[in-house]
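The values are calculated or read from the model by the stated rules, or taken from the named source; none is laboratory data. Since we're looking at a predicted model, the values are computed, not measured. Positions of Cβ are generated from backbone atoms using ideal geometry, with glycine treated the same way; all protein chains shown enter the neighbour counts.
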Amino acid sequence: MNCLSNKYLKELKSKLLYLNYPSLRQRLRDIIQNMSIDYIEKIIPKKKQFIDNIVKSRNYYVHYDYAIEKKALRGSMLFETFKKLRLILICCLLQNLGISKKMLCDRLSKTEYIMGHNL
């Protein structure tokens, strides 16, 4: 251990501390896969790209990692992504309150404008 500088040792300890926790990427992937609501499928057609954009933006805005600055969402793209995440959160909350996926699908499909999203 003496060969490692304190900086690297501290970083290693930090990573080991959170090793058992799922990453943001994995959490988002699980949530979006479990939604399986047609409306969500329509507003997020490219799930992998959507998740990548969120993870890169979050990492930039939280850690100010200038290596990924150009990959972080900004302006209207950041706001549109926020609105989609907000809709996913609301759907998760409603499902946890006992609203069925079928009812959510029915309500969302009958509305052309929900939470700022046009179909």
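Considering the range 22-40, and only residues there that are out of contact with any Cys (no Cβ under 8 Å at 6 or more places or on another chain) and among the hydrophobic types (A, V, I, L, M, F, W, C), the residue that is surrounded by the fewest Cβ atoms within 10 Å (Cβ to Cβ) turns out to be LEU24. The single condition among (1) under 15 Å from the mean Cα position of the chain (by Cα); (2) farther than 19 Å from LYS42 by Cα; (3) surrounded by fewer than 13 Cβ atoms within 10 Å (Cβ to Cβ) that MET77 does not satisfy is (2).
Of all residues in the range 50-75, exactly one satisfies the criterion of being in contact with an Asp or Glu (Cβ under 8 Å, 6 or more places away or on another chain) and polar (S, T, N, Q), namely ASN59.
For (1) at pLDDT below 90; (2) basic (Lys, Arg); (3) touching a Phe, Trp or Tyr at 6+ places or on another chain (Cβ under 9 Å), each residue gets a yes or a no:
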position	(1), (2), (3)
GLN26	no, no, no
ILE68	yes, no, yes
LYS71	no, yes, yes
GLU112	yes, no, no
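In this structure, does LEU19 turn out to be loosely packed, with under 12 Cβ neighbours inside 10 Å and modelled with pLDDT under 90? Walk me through it before giving the result.
Working: loosely packed, with under 12 Cβ neighbours inside 10 Å: yes; modelled with pLDDT under 90: yes.
Yes; evaluated as a whole, the condition is true for this residue.
Starting from the range 5-34, take each residue that is in contact (Cβ under 8 Å) with a residue 60 or more places away in the chain and list its partners that are surrounded by 11 or more Cβ atoms within 10 Å (Cβ to Cβ) and of a type in the set (Val, Ile, Thr), counting only C-beta distances under 9 angstrom and pairs at least six apart or across chains. These pairs meet every condition: ILE31/ILE88. Is it fair to say CYS105 is under 17 Å from the mean Cα position of the chain (by Cα), at pLDDT below 90 and either surrounded by 12 or more Cβ atoms within 10 Å (Cβ to Cβ) or part of a loop (DSSP other than H, G, I, E, B) (or both)? So CYS105 fails the test.
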